[in-house]
Protein chains: 2
Amino acid sequence: MPRSSTRQHIVEVASDLFYRNGYNRTGINEVIAESGIAKATLYNHFRSKDEICIAYLQYKHEVFVKDIKSYCDARPADGRQVLAIFDFLGAFFQDRDFNGCWCIKTVAEIPREDERIRKEIQKQKNQLIDFIESLLMDIKDVGERRNTARQVYLLYESAVSESHLHQADWPITSAKAIASKIIG
Amino acid sequence: MPRSSTRQHIVEVASDLFYRNGYNRTGINEVIAESGIAKATLYNHFRSKDEICIAYLQYKHEVFVKDIKSYCDARPADGRQVLAIFDFLGAFFQDRDFNGCWCIKTVAEIPREDERIRKEIQKQKNQLIDFIESLLMDIKDVGERRNTARQVYLLYESAVSESHLHQADWPITSAKAIASKIIG
DNA sequence: GACAAAGTAGACAGATTTGTCTACTTTGTC
DNA sequence: GACAAAGTAGACAAATCTGTCTACTTTGTC
């Protein structure tokens, strides 16, 4: 296996485990056992477990952005295109691998002082707000558009966390209904 | 110290540590060191660390319910009384001990299979929805009232998580603005 | 086929974890 | 003051964890 795909393989296996079972509850030994690679190989690619955590967050985000973008792009670019994010989430919720938001999960597990991971997560969330804003180009006023994007973002985030917590999809439909009202 | 207050003392110390530093990252040894009690005493009151976790969640919820109720009760019972929950959160956010939602934090740390803790958290959240509903008695239709309570709940939850994540208060004001629009 | 890069297997150090247990001391009540 | 309940101090078992290291094997390229 070429060097780059070994690294990618580790990230994908670690991502599945971290997301499913939690970062602190997943040991390095579990990652290498599941990957089928040697421990020395893992530490040849990553300096520490923390570095794998960063790679995990980036990988999940990368896939997420790609998927949600292509999902929304398939919808007509009318004023209601942004609502597609809730339908995307609805499909994600049905997936048996759905386990809530990896950012929220991770930030809950790391010490408060860990600025590196917290900044990465804030960056990702800001990119999500930017993406939502890009779907709201019908709103011409820049300030109002940013404001609306933030509101829709809040609803989306809530829908993710709460559908996971309650193990039900009413938070998704409910959040979508509010968003629908907001964008008029 | 009488038996009941020893137990309560342990719960309070453990709650502070769990909430501030995380459940998994807080060891039993830290709890007893901070409490100034002996390990055998702790295990005389609690069967396991998991049991302390349940007691922690219940204690936080108990205090939270008492505080938010008395805060909201001080407002006039007009149709907009429910918005007080966002002001309550605003004050909580200013508090240096604010560290997001203990339920979400805890659910992120425990294994998926741990039904006991998950059920406790769902119970607490349903009580919060009930409380919000009790502030919406102006809405006469039962179904619409429940629906609105859920929507306000989603906004509140989002405001808690996101103000913590972004370390900013715009999620609180933004969520309140949406709630204001919803209740008309 | 030589040679370097990459990967393997797993022992090991050193630290941490929860929970048990023993032997002792304090406290409150009769 | 006797006696039981409650608490203390901390050693200990048994299991975890991350990260390092050694000695060996495979793989790809010239």
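The values are calculated or read from the model by the stated rules, or taken from the named source; none is laboratory data. Given the structure is predicted, the values throughout are model-derived calculations rather than measurements. Using ideal geometry, Cβ is built from the backbone for each residue, glycine included, and neighbour counts are taken over all protein chains shown. For accessibility, only protein heavy atoms count, side chains too; no ligands or nucleic acids. Shrake-Rupley method; radii C 1.70, N 1.55, O 1.52, S 1.80 Å.
Quick look at the numbers
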quantity: For the range B:32-40, Karplus couplings with θ = phi - 60° (6.51, -1.76, 1.60), whole Hz, Gly/Pro x; calculated: 6, 4, 5, 6, x, 10, 8, 4, 4
quantity: Chymotrypsin sites (Phe, Trp or Tyr not before Pro) lying in DSSP loop within the range A:112-184, provided at most 12 other Cβ fall within 10 Å; calculated: none
quantity: Vicinal HN-Hα couplings computed from phi for the range B:166-181 (Karplus, 6.51 cos²θ - 1.76 cosθ + 1.60; Hz; Gly/Pro x); calculated: 8, 6, 8, 9, 4, x, 6, 5, 5, 5, 4, 4, 5, 4, 4, 5
quantity: Charge dipole (debye, nearest 20) of the protein assembly as shown; +1 at Cβ of Lys and Arg, -1 at Cβ of Asp and Glu; calculated: 260 debye
quantity: Accessible area of chain A divided out per residue, in Å², using a probe of 1.4 angstrom; calculated: 45 Å²
quantity: At most 11 other Cβ within 10 Å, DSSP loop - GluC sites (Glu not before Pro), the range B:92-184; calculated: B:GLU113
quantity: Part-to-part distance (alpha-carbon centres) for the range A:51-67 and the range B:55-70, which is given in Å; calculated: 36 Å
quantity: Karplus-derived HN-Hα couplings along the range B:124-133 (A = 6.51, B = -1.76, C = 1.60, θ = phi - 60°), whole Hz, x at Gly and Pro; calculated: 4, 5, 5, 5, 5, 4, 4, 5, 4, 4
quantity: Buried solvent-accessible surface, both chains (A, B), 1.4 Å probe, Å² to nearest 100; calculated: 3700 Å²
quantity: 30 Å tail of the calculated P(r), the protein assembly as shown, as % of Cα pairs; calculated: 43 percent
quantity: Whole-percent carbon and sulfur share, accessible surface of the range A:113-167, 1.4 Å; calculated: 46 percent
quantity: Chymotrypsin sites (Phe, Trp or Tyr not before Pro) within the range B:1-102, DSSP loop, no more than 15 other Cβ atoms inside 10 Å; calculated: B:PHE98
quantity: Relative contact order %, chain A, counting alpha carbon pairs below 8 Å whose residues are six or more apart; calculated: 22 percent
quantity: Residue order for A:LYS140, B:LYS39 - accessible surface, 1.4 angstrom probe, largest first; calculated: A:LYS140, B:LYS39
quantity: Average Cα contact separation per residue, the range B:1-46, under 8 Å, 6 or more apart, as relative contact order %; calculated: 37 percent
quantity: FRET efficiency, 1/(1 + (r/R0)^6) with R0 51 Å, evaluated for B:ALA38 and A:LYS140 via beta carbons; calculated: 0.15
quantity: Separation between Cα centres of the range B:85-161 and the range B:14-36, rounded to whole Å; calculated: 24 Å
quantity: Calculated FRET value between A:ASP16 and B:GLU113, using beta carbons and R₀ = 25 Å, to 0.05; calculated: 0.90
quantity: Highest-fluctuation residue, A:ILE37, A:ILE121, A:ILE54 considered, GNM on chain A with Cα pairs under 10 Å; calculated: A:ILE37
quantity: Residue among B:VAL31, A:TYR23, B:LEU135 farthest towards the positive dipole end of the protein assembly as shown, charges placed on Cβ; calculated: B:VAL31
